[in-house]
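The values are calculated or read from the model by the stated rules, or taken from the named source; none is laboratory data. Here the structure is a predicted model, which is why all the values come from computation and not from measurement. No Cβ is skipped: glycine too gets one built from the backbone with ideal geometry, and neighbour counts run over all protein chains shown. Surface areas here come from the heavy atoms of the whole protein model, side chains and all, with no ligands, DNA or RNA. Shrake-Rupley method; radii C 1.70, N 1.55, O 1.52, S 1.80 Å.
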Amino acid sequence: MKITSAQILEFESLRDLIGRYISSPLGRAELAKIEPSTDRAALEALHAENTEAIGYLRAAVQPQPAQRGSAIRIRFTSIPDAAEAVALLRIEGATLDARQIYDLSALLDQAGEARSLVSAVEGRFPRLAARAARIDDFRPLLRDLSGKVLPDGSVADDASVALHRIRREIEKQRKSIQASLERFIKAHREEGTLQEEFVTIRNERFVVPVVAGQRRKVDGVIHAASASGHTLFVEPMETIDLNNELVRLREEEAVEVHRILRELTERLREHAESIAGAVRVMGELELLFAKAQFALDFDCCTPAFSPDLRRRLYIKDARHPLLQDVLRRQRKAVVPITLHLDEDCRTLLISGPNTGGKTVSMKTVGLLSLMAHSGLPVPAAEAVFPIFDQVLADIGDNQSIQESLSTFSAHISTIRHMLEVVSPDSLILLDELGRATDPEEGGALGVAILDTLRSAGAFTLASTHLLAIKVYGANTGGVLNASMGFDEDTLEPTYLLRTGAPGKSAGLDIARRLGLEPRIIEQARSVMSSSERDIARFLADLHDRLERAAGLEAQLVSEREKLAGREAILQKDFDRRVAEKTRQFEQRSSELAQQFEQSARETIQQIAQNLDQRKSAGKALRKVSQTRREFLEKSEQSVEELRGAPAGPPKLKLEAGVRVRLKGIRQPTKVRRVFGDGLIEVEAGFLKMQVSMDDVEEVLAGDGGGPALPKGIRFDGPKWDVSYREIIIIGKHAEEATDEVDKFLDSAALANVDRVRIVHGHGMGILKRAIADLLTQNPHVGKFYPASPSEGGTGATIVELKGP
């Protein structure tokens, strides 16, 4: 964005407010980079990430079991400043100190934790997961660094074998020196040469305190004296060699520590780019979640951007975040504002009482626009902005003694610059337009400025007390008047922004409320012209009418919402009752149908005890099935009528010429004839057979189709007269039965039947074994097995045929 008026609109104060939610230098560095942009795609991506981050924080505070897929709040506290360490890794030969290595390891560990937590909820928050995925897997590197550097910034003893050995020798040498000095103290205890009986260290060498006057009685090297000069710290001659050896060991230790640090630095340098990327992503994530927490605390929404050809500026229940922060600490609420501008109406003129909120309203629109263009959530219920290329504001008194600018001069200088750079994609904010000069001239100048800005196509908000500008707003297309509310009873502003009519300034009323003498107020009223008094009364009456209309509208909306809620409750209760009755009806119908069919089948099976009655029993069984099917169809139709469901497509009638799909047959068949006893004759390939209507699963649309025989050729294939694709061979000799079954299987295979039943009865089992031998060798048979109890048990065999 070219010009933002960020200082006037207090954008830096907003940055400080968001900074409260950031604890690490990495996040603060990213916050410092925020600035308004005009890149629509980038802004929409940022706001989409904000939306996910807000959702993530909301999910993280919800009670939930600790399992994969749960949102867990990411820690950003105690993240060290790794900028210097990352920079050193880019310098070949530079070595990090132990504290830098430890801090960098801790940061990479936290980065890995953040990556893991966000990746676990990738399905719900894909944008967050995509950003976190830019953090590489540093677990192998961290394993190499683990335990080498301690939290206090020192290298651990076991960082290398050599260091462990050296430090053991140092400890051993220290003990030897300690023992030597203790012997020295014991030997000189009675001589009065020692100031105190303890061992201390000066210049990294072990010494004992000696009385200054007794120095000559002790052979050794003086390393320091006390502040008073009464005590000398002397290294006895017998410990000099021991101390020298200790110094040598410490130098050896320092060399080994440097070698280890250099080695660890080189190990980190191998991943320098990945580490820099992880550091950057951690800063970005902290800023992202800081924005999300700010959004939750200030009830923000994610703004949208209107299309370039249908620009609109719409904010609903918008609040100035800095004012909201101040009033919140005072336990007061902000009065939100709502306004709507679009291509047909791009100019809003705000009038009303002093201290009524006009300036705050304009600052709110300007600051929220900058926030939206900076990828920040905005404190509003809804917000839509055009893509502005600049935000130009003239708010406040910009007079300057150094530059010899009066209030009016500074005002005109700023507006002149605006008119030079304004574009159709600009947002213009003008506070007290035409101020600080003669009202008549100021009003005329203000009208001309507003008309120029309107012609330029810019979105403009201006506040004013001047009548000429109010009249311009009322008489000019594309310009909307608005006013800040004022309570005539309390003589206090209500801070409510209402569009559609100008407001009165109420300067005299405000002055009276602020304590100005009533005598002065009355004298001022008498000086006012009658037209000015009439206009003031007209505006007061107009606002009174608008307030009553707004109250009635709010009451109507409330009543409508109540009625809609009551209607929804009644509809829900009605739907629940209908659903329950329907379920009961369906369940009862199904139970009755099953009971009827079971009873009928049992009766028919009792009747069909000999071969003479079996055919009649089959017909009766088919009739039962037909009756059951018709009963269920009527029940289903009744349920649909009860539900009031729209009628579905009409069901196709079972008649000659239609295609049907039969139970147990893969390919559709064509109906040739329909008999009155529940049977139909179908044609499957070159075969014709009679089956029960109950075996029809579906009536298909279209004619039979399929290949036809040449004209003049007729083929009458085998015909079946069975209810279920089965053959009954009870009482026949084995040889006769196997011949019939063999032909039966050929016919079934030609008709594409995939399952048949062979009823052979129990008897001595001879017939059953003969059939089993035949089925084992028959090429059409896929597998066979005894029938279920409902299909005849061991007295019948089920055969599944191979596919074509």
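Any idea which of S558, S526, S531 is modelled with pLDDT of 75 or more and in a helix (DSSP H, G or I)? Write out each step before concluding.
Values: S526 fails: modelled with pLDDT of 75 or more; S531 fails: modelled with pLDDT of 75 or more.
Just a single option satisfies the conditions, and that option is S558.
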| message | Looking at region 555-581, I want the residues that are touching a residue at least 40 places away in the same chain (Cβ under 8 Å) and at negative phi and have a partner that is of a type in the set (D, E, K, R) and open to solvent by 100 Å² or more (accessible area, probe 1.4 Å) with Cβ atoms under 9 Å, at least 6 apart or on another chain. Which pairs are those? | response | V578/R643
| field | Residue among V447, V479, V471, V422 that alone is within 16 Å of G500 (Cβ to Cβ) and open to solvent by less than 50 Å² (accessible area, probe 1.4 Å) | value | V479
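Yes/no matrix, rows are residues, columns are (1) surrounded by fewer than 19 Cβ atoms within 10 Å (Cβ to Cβ); (2) of a type in the set (V, I, T); (3) in contact with a strand residue (DSSP E or B) (Cβ under 8 Å, 6 or more places away or on another chain); (4) at pLDDT 95 or above:
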{"residue": "T4", "(1), (2), (3), (4)": "no, yes, yes, no"}
{"residue": "Q7", "(1), (2), (3), (4)": "yes, no, no, no"}
{"residue": "G27", "(1), (2), (3), (4)": "no, no, no, no"}
{"residue": "G55", "(1), (2), (3), (4)": "yes, no, no, no"}
{"residue": "Q67", "(1), (2), (3), (4)": "yes, no, no, no"}
{"residue": "R75", "(1), (2), (3), (4)": "yes, no, no, no"}
| said: Can you list residue pairs whose Cβ atoms sit under 8 Å apart, with the first residue in region 123-149 being free of Cβ contacts under 8 Å to residues at least 24 places away in the same chain and the second being basic (K, R) and surrounded by 14 or more Cβ atoms within 10 Å (Cβ to Cβ)? Count only pairs 6 or more apart in sequence or on different chains. | reply: A133/R115
| Output for region 236-269, where each listed residue is without any contact (Cβ under 8 Å) to a residue 12 or more places away in the chain and either open to solvent by less than 10 Å² (accessible area, probe 1.4 Å) or not basic (K, R) (or both) | D241, N244, E251, A254, V255, E263, E266
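Looking at region 345-354, is at least one residue within 31 Å of the chain's Cα centre (by Cα) and either in a helix (DSSP H, G or I) or not polar (S, T, N, Q) (or both)? Before the answer, list the steps.
Applying the first criterion (within 31 Å of the chain's Cα centre (by Cα)) to region 345-354 yields none.
No; the residues of region 345-354 include none that is within 31 Å of the chain's Cα centre (by Cα) and either in a helix (DSSP H, G or I) or not polar (S, T, N, Q) (or both).
So which of L287, L341, L368, L313 ends up being in contact with an Asp or Glu (Cβ under 9 Å, 6 or more places away or on another chain), farther than 27 Å from A60 by Cα and crowded, with 21+ Cβ neighbours inside 10 Å?
Values: L287 fails: farther than 27 Å from A60 by Cα; L341 fails: in contact with an Asp or Glu (Cβ under 9 Å, 6 or more places away or on another chain); L368 fails: in contact with an Asp or Glu (Cβ under 9 Å, 6 or more places away or on another chain).
It is L313.
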| field | Of the criteria (1) more than 27 Å from the chain's Cα centre (by Cα); (2) more than 24 Å from M484 (Cα to Cα); (3) in contact (Cβ under 8 Å) with a residue 24 or more places away in the chain, which one R329 fails | value | (3)
| request: Kindly provide the set of residues from region 131-148 that are buried (at least 21 other Cβ atoms within 10 Å of the Cβ) and farther than 24 Å from I260 by Cβ, ordered by number. | output: A132, I135
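Give region 684-711 a look and list any residue that's at pLDDT 60 or above, open to solvent by 60 Å² or more (accessible area, probe 1.4 Å) and in a strand (DSSP E or B), or say none.
Step one: of region 684-711, the residues at pLDDT 60 or above are 684-685, 687-701.
Next cut, open to solvent by 60 Å² or more (accessible area, probe 1.4 Å) only: 685, 697-698, 701.
Scanning region 684-711 gives E697, E698, A701.
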| Out of curiosity, is E441 open to solvent by 50 Å² or more (accessible area, probe 1.4 Å), at pLDDT 95 or above and either closer than 17 Å to I350 by Cβ or of a type outside the set (K, R) (or both)? | no
| request: Check A87, A45 and return the single one that is more than 28 Å from V378 (Cα to Cα) and open to solvent by 20 Å² or more (accessible area, probe 1.4 Å). | output: A87
| field | Verdict on L128 being aliphatic (A, V, I, L, M), touching a helix residue (DSSP H, G or I) at 6+ places or on another chain (Cβ under 8 Å) and surrounded by fewer than 20 Cβ atoms within 10 Å (Cβ to Cβ) | value | no
| request: Output the qualifying pairs, or none if there are none: Cβ atoms under 6 angstrom, residues six or more apart or on different chains, first residue in region 303-318 and among the hydroxyl-bearing types (S, T, Y), second residue surrounded by 21 or more Cβ atoms within 10 Å (Cβ to Cβ) and at pLDDT 95 or above. | output: S306/P386
| field | Residues of region 712-747 satisfying the condition of being modelled with pLDDT of 50 or more and under 60 Å from the mean Cα position of the chain (by Cα) | value | R725
| Residue check: is V360 over 24 Å from the mean Cα position of the chain (by Cα), within 18 Å of S13 (Cβ to Cβ) and open to solvent by 10 Å² or more (accessible area, probe 1.4 Å)? | yes
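Do we find a residue being of a type in the set (D, E, K, R) and at pLDDT 85 or above anywhere in region 395-414?
Step one: list which residues in region 395-414 are of a type in the set (D, E, K, R), which gives 397, 403.
Checking which are at pLDDT 85 or above leaves us with none.
Scanning region 395-414, I find no residue that is of a type in the set (D, E, K, R) and at pLDDT 85 or above, so the answer is no.
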| said: If the requirement is being within 21 Å of L662 (Cα to Cα) and open to solvent by 40 Å² or more (accessible area, probe 1.4 Å), which of these qualifies: G782, G763? | reply: G782
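So how many residues does region 198-216 have that are more than 15 Å from I240 (Cα to Cα) and either hydrophobic (A, V, I, L, M, F, W, C) or modelled with pLDDT under 70 (or both)? Quick ask: steps written out before the conclusion?
Start the filter on region 198-216 by keeping residues that are more than 15 Å from I240 (Cα to Cα), which leaves 198, 209-216.
From what's left, either hydrophobic (A, V, I, L, M, F, W, C) or modelled with pLDDT under 70 (or both): 198, 210-216.
Residues meeting the conditions: 8.
Is it fair to say A751 is farther than 24 Å from S790 by Cβ, of a type outside the set (D, E, K, R) and at pLDDT below 85? Give the derivation first.
Values: farther than 24 Å from S790 by Cβ: yes; of a type outside the set (D, E, K, R): yes; at pLDDT below 85: yes.
For A751, the condition - farther than 24 Å from S790 by Cβ, of a type outside the set (D, E, K, R) and at pLDDT below 85 - is met.
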| query | Looking at region 509-516, is at least one residue open to solvent by less than 80 Å² (accessible area, probe 1.4 Å) and either at pLDDT below 60 or in contact with a Ser or Thr (Cβ under 9 Å, 6 or more places away or on another chain) (or both)? | reply | yes
| request: Could you tell me whether any residue of region 40-59 is within 19 Å of A290 (Cβ to Cβ), in a loop (DSSP other than H, G, I, E, B) and of a type in the set (S, T, N, Q)? | output: no
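Quick one: in region 316-338, which of the residues that are farther than 12 Å from A381 by Cβ and among the basic types (K, R) is most open to solvent (accessible area, probe 1.4 Å)?
Step one: of region 316-338, the residues farther than 12 Å from A381 by Cβ are 320-335.
Next, from what is left, pick out any that are among the basic types (K, R): 328-329, 331-332.
Numbers: R328: 100, R329: 154, R331: 219, K332: 124 Å².
Ranking the candidates gives R331 first.
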| request: Check whether at least one residue in region 756-763 is modelled with pLDDT of 85 or more and out of contact with any helix residue (DSSP H, G or I) (no Cβ under 9 Å at 6 or more places or on another chain), and report yes or no. | output: no
